[in-house]
Amino acid sequence: MKKFLSLFILLFIITINAQERVLIKKSEITIPIGKKIILKPEFKKNKIINFELVSEENITEKKDMFDMLKNFKRDETKDNSIEFTFSESEMMGNSIFTLLNIQKTGKTMNFKAKIKLKGTTIYQSTSIMPSSSNAASVEQWRDNIDSIFLYDFELIN
């Protein structure tokens, strides 16, 4: 019984730690809530086929969505970096979950997403708008989200 309990606790700890890390598998990314990442993509024609994780930062405080957009400084940099901030935010006093995307590829970027709600193990599809280069793109949800899975990245003119 003690061995079973010890094994259960060990698996539980591993599961919790696995949910707190950003996972990158070729051109697929899983981001847990409370993370900001900067990626350097690898392209084949207009498809992103791989990512290199440049930086990862924990986000512990709720940010005001309007402040995030107001503080964004647009520039004409085209360094092919892609930044995602997936965090709990506030909008007019209400708690929401947001995905802030700033990409500097010089083209519009399309991708697909699935979200995993807290307390579930299954990811469900969600809609994502195309992301313009050198602009702040924000997606928001009221659902209590645990992580987001991003995939099928492509650039369009």
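Readers should treat all values here as calculations from the given coordinates under stated rules, not as data from a laboratory. All of these numbers come straight from a predicted model, not from anything done at the bench. No Cβ is skipped: glycine too gets one built from the backbone with ideal geometry, and neighbour counts run over all protein chains shown.
For the range 64-157, the set of trypsin sites (Lys or Arg not before Pro) satisfying both a DSSP loop assignment and a count of at most 13 other C-beta atoms within 10 Å is given as K73, R74, K78, K118, R142. Listed by chain and number, the aspartates and glutamates whose alpha-carbon sits under 13 Å from that of K26, ignoring those within fewer than 8 places in the same chain, are E42, E52, D152. Looking at the chain, which longest stretch skips every one of the GluC sites (Glu not before Pro) that is in a DSSP loop with at most 10 other Cβ atoms within 10 Å, leaving the sites themselves out? The answer is 77-157.
For the chain, the longest principal axis of the Cα atoms and the long axis of helix 2-19 meet at an angle of about 10 degrees. Here the chain is treated with +1 on each Lys and Arg Cβ and -1 on each Asp and Glu Cβ, and its dipole about the Cα centre works out to around 480 debye. Between the range 121-146 and the range 34-67, the C-alpha centres lie 13 angstrom from each other. Note on K104: aspartates and glutamates with a C-alpha under 12 Å away, same-chain residues under 8 apart excluded, are D75, E76, D79, E83.
Taking the Cα atoms of the chain, the ratio Rg/Rh between the radius of gyration and the Kirkwood radius comes to 1.02. Step through the table entries K70/K114; K47/K118; K45/K114; K78/K116, compare each Cα-Cα distance with 29 Å, and write down the pairs that go over it. Beyond 29 Å between Cα atoms: K47/K118; K78/K116. Using only the Cα atoms of the range 54-144, each taken as one equal point scatterer with no solvent, compute I(q) by the Debye sum, divide by I(0), and report log10 of the ratio at q = 0.11 Å⁻¹. For the range 54-144, the Cα-only Debye profile gives -0.34.
Summarising the label geometry, the points placed 7 Å from Cα in the beta-carbon direction at D64 and E90 lie 0.8 nm from one another.
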